[in-house]
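Data block below; observations after.
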Amino acid sequence: MTDSSTSLGAVFSIPGHGGDVRSHSQWKVFQDTLGRELKSVKTASMTDVAPKIGELFDIQIPDILVSGWMKAAEVRTIQDKSRAAPDETFWAGLGEHTMSSEHHPYVDIRIEGQTVKRIELTMRLSFKLNSFVLKIQRGEIREIQTGTCEVKGIVEYQGIAIAEKQLAPIQLPGVLVLQ
């Protein structure tokens, strides 16, 4: 899944993902803090590191959702049934539910194979979902028919909130086919 419109970068309006958070004071504080920290690393600058930080937001929302659904007993039961009947298609209708997750993506700055600086973000997310349907074949979720999706989240660096999203609807494609 590589559709940038379904990434966390799009949700948080990160540069390169359809947004420009440089005008936000939170992002400016982050840039200033990181810029000061990078002064001690002679081979790295904010212009070198910024694109890599942007890549941390390439996490796809469907991947997060599928990961969460795979932990649900009801979905696992249907997956087991579909493994036992590989020629059949199973459908799992999901009513209103909330899914929360936390992620810690990072960029390591390395010199001669040694990490000299790790830039680690904390992303806390909450998805309020309704009327999703999963197509399950051979034990795997193959397709997601989307319903309504609202997202709330915060991205922090060393306790500094650098991006926030209040609970608001986001648009997902009507059907997401998984590989």
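Each row is one residue, and each column tells you yes or no for (1) in contact with a strand residue (DSSP E or B) (Cβ under 6 Å, 6 or more places away or on another chain); (2) of a type in the set (Val, Ile, Thr); (3) within 28 Å of Pro51 (Cβ to Cβ).
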site: Arg83; (1), (2), (3): no, no, no
site: Thr115; (1), (2), (3): yes, yes, yes
site: Gln145; (1), (2), (3): yes, no, no
site: Ile162; (1), (2), (3): yes, yes, yes
site: Leu172; (1), (2), (3): yes, no, yes
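Of all the numbered requirements in (1) touching a Phe, Trp or Tyr at 6+ places or on another chain (Cβ under 9 Å); (2) among the aliphatic types (A, V, I, L, M); (3) closer than 15 Å to Ile59 by Cβ, Val107 misses one, and that requirement is (1).
When every residue of the range 71-79 is checked against the conditions, at least one turns out to be basic (Lys, Arg) and under 22 Å from the mean Cα position of the chain (by Cα). A count restricted to the range 92-102 and to residues that are in contact with a Lys or Arg (Cβ under 7 Å, 6 or more places away or on another chain) and under 13 Å from Trp69 (Cα atoms) stands at 1. For Gln158, the requirement of being within 20 Å of the chain's Cα centre (by Cα) and either basic (Lys, Arg) or under 30 Å from Ala44 (Cα atoms) (or both) is met.
Take Val49 and tell me if it is open to solvent by less than 50 Å² (accessible area, probe 1.4 Å), modelled with pLDDT of 85 or more, within 19 Å of Met123 (Cα to Cα) and among the β-branched types (Val, Ile, Thr).
In short, no.
Hand me the list of strands (runs of 3 or more DSSP E) wholly inside the range 76-179 holding 2 or more residues that are open to solvent by less than 40 Å² (accessible area, probe 1.4 Å). Fully inside the range 76-179 and qualifying: 90-94, 97-103, 106-111, 114-120, 122-130, 132-137, 140-145, 148-157, 160-169.
The values are calculated or read from the model by the stated rules, or taken from the named source; none is laboratory data. The structure presented is a predicted model; accordingly, all values stated were derived computationally and were not measured. Every residue, glycine among them, receives a Cβ derived from its backbone with ideal geometry; neighbour counts consider all protein chains shown. Surface areas here come from the heavy atoms of the whole protein model, side chains and all, with no ligands, DNA or RNA. Shrake-Rupley method; radii C 1.70, N 1.55, O 1.52, S 1.80 Å.
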